[in-house]
Amino acid sequence: MKNRLKVGTVVLLFILTLCHSLPVQAEEETGDKDKMGLYKKTEAVTQIPWYYLAAIDKYESNTQKETASDKLISITISNELWYGAGNTGLHPAEEQIAVFNGFGRDGNGDGLAEHTNDEDILFTMASWINRSGNNREDIKIAIWKYYQRELSVQTIMNIAKIYKKFGTITLKDRDFPLPMNANFSYRNTWGDARGFGGRRIHEGTDIFANYGVPVKATTYGVVEMKGWNRYGGWRIGIRDPNSNYHYYAHLNGYQDGIKVGDVVEPGTVIGSVGATGYGPPGTSGKFPPHLHYGMYKDNGYSEWSFDPYPYLKNWERTARNKK
Ligand SMILES: [Zn+2]
């Protein structure tokens, strides 16, 4: 398997060298196809729409460092839930698990509810959700019961919304937040001291540009937050399928009609560059106009900011090559 991957990588690199702009990652696409097959198969037998199963799976993969390489599905159900409390034998016989009120179910028809089998895991999760029902609200309640964390529920529901809208889990496009034909400049300011509002560290990249330059979504995502903030001015926050939160601040204004809950894609105009913030609502012009762009990661327990600069550089390069 390792050798095959290596050969695959060499071949892929060769192809990439030949065709500089080839945007696909062949290995991952194959995995996505297999996953989609499994989500849809599970939907057919449980009536839980595939995009909720895919969203839970994606959310769990975002909270883990890595999924075991021989596994397709990242959902991990604890021994206690799977086998039932007090079931110390950990035997995968479905009837035995049922005696202990475990969740574990047999999805692939071999009579065993195997804790590490992709089909069994997905079928178990879908069956458990189905106990609450299979409409959107039922599913949301089941996800809440399972994770018992507001941000987890919201992120999963948002990922499901994105997958449903685009009909796929393969969403690899990205965009730079400003158009390539605009004048802009930015440098790596990660961790710089901020002049106003105390000794906070600067968490993001400032992209300087003129008032009114359109600001675009960089990723697929759902608008999670919109409104005024004393430091950020008019700002907007978008959650992507990787559980990253993208924060766009100091906007001059918003694109007409954009609201919390909207699905966006790379390139969707969300507002324009401004200099709002550092005061009560409407305050503007206390600093040169720029887009403050921040990125935050959620691992299922806590959220932290990370440096967006290398991502911006990468997206800018890709956007320039597109022309
Ligand atoms: Zn900034």
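Just wondering, is there one or more residues in segment 82-96 that are of a type in the set (A, V, I, L, M) and surrounded by 17 or more Cβ atoms within 10 Å (Cβ to Cβ)? Looking through segment 82-96, none of the residues is of a type in the set (A, V, I, L, M) and surrounded by 17 or more Cβ atoms within 10 Å (Cβ to Cβ).
Condition check ((1) surrounded by fewer than 13 Cβ atoms within 10 Å (Cβ to Cβ); (2) of a type in the set (A, V, I, L, M); (3) in contact (Cβ under 8 Å) with a residue 24 or more places away in the chain; (4) in contact with a helix residue (DSSP H, G or I) (Cβ under 9 Å, 6 or more places away or on another chain)) across all residues:
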position	(1), (2), (3), (4)
PHE103	no, no, yes, yes
ALA113	no, yes, yes, yes
ASP118	no, no, yes, yes
PHE123	no, no, yes, yes
ARG131	yes, no, no, yes
LYS140	no, no, no, yes
LYS161	no, no, yes, yes
ILE207	no, yes, yes, yes
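When residues in segment 172-197 are screened for being modelled with pLDDT under 95, in contact with a helix residue (DSSP H, G or I) (Cβ under 9 Å, 6 or more places away or on another chain), away from the ligand (no atom under 11 Å from the Cβ) and over 30 Å from THR30 (Cα atoms), 2 of them pass.
Just to be sure I understand, how many residues within segment 171-186 are surrounded by 15 or more Cβ atoms within 10 Å (Cβ to Cβ) and in a loop (DSSP other than H, G, I, E, B)? Number of matching residues: 8. Residues of segment 302-323 that are more than 20 Å from VAL215 (Cα to Cα) and touching a residue at least 24 places away in the same chain (Cβ under 8 Å): GLU303, SER305. Among all positions in segment 198-209, there is at least one residue which is under 24 Å from the mean Cα position of the chain (by Cα), at pLDDT 95 or above, under 17 Å from ASN314 (Cα atoms) and of a type outside the set (Gly, Ala, Ser).
Close Cβ contacts (under 8 Å, 6 or more residues apart or on different chains) running from residues in segment 221-236 that are closer than 17 Å to PRO177 by Cβ and assigned to a strand (DSSP E or B) to residues that are among the hydroxyl-bearing types (Ser, Thr, Tyr) and at pLDDT below 95 comprise GLY233/TYR278.
For segment 245-323, the strands (runs of 3 or more DSSP E) that sit wholly inside it and include 2 or more residues that are modelled with pLDDT under 95, more than 12 Å from the ligand (Cβ to nearest atom) and within 16 Å of HIS202 (Cβ to Cβ) are 303-306.
Please verify whether TRP228 is surrounded by fewer than 20 Cβ atoms within 10 Å (Cβ to Cβ), touching a Phe, Trp or Tyr at 6+ places or on another chain (Cβ under 7 Å) and closer than 24 Å to ASP173 by Cα, treating the condition exactly as stated. When the stated conditions are applied, TRP228 does not pass them. Considering (1) closer than 20 Å to ALA55 by Cβ; (2) assigned to a strand (DSSP E or B); (3) touching a residue at least 60 places away in the same chain (Cβ under 8 Å), the lone condition that PRO241 does not fulfil carries the number (2).
The values are calculated or read from the model by the stated rules, or taken from the named source; none is laboratory data. Please read these numbers as outputs of a predicted model, since none were measured by experiment. For neighbour counting, all protein chains shown are included, and Cβ atoms are generated from backbone atoms with ideal geometry for every residue, glycine included.
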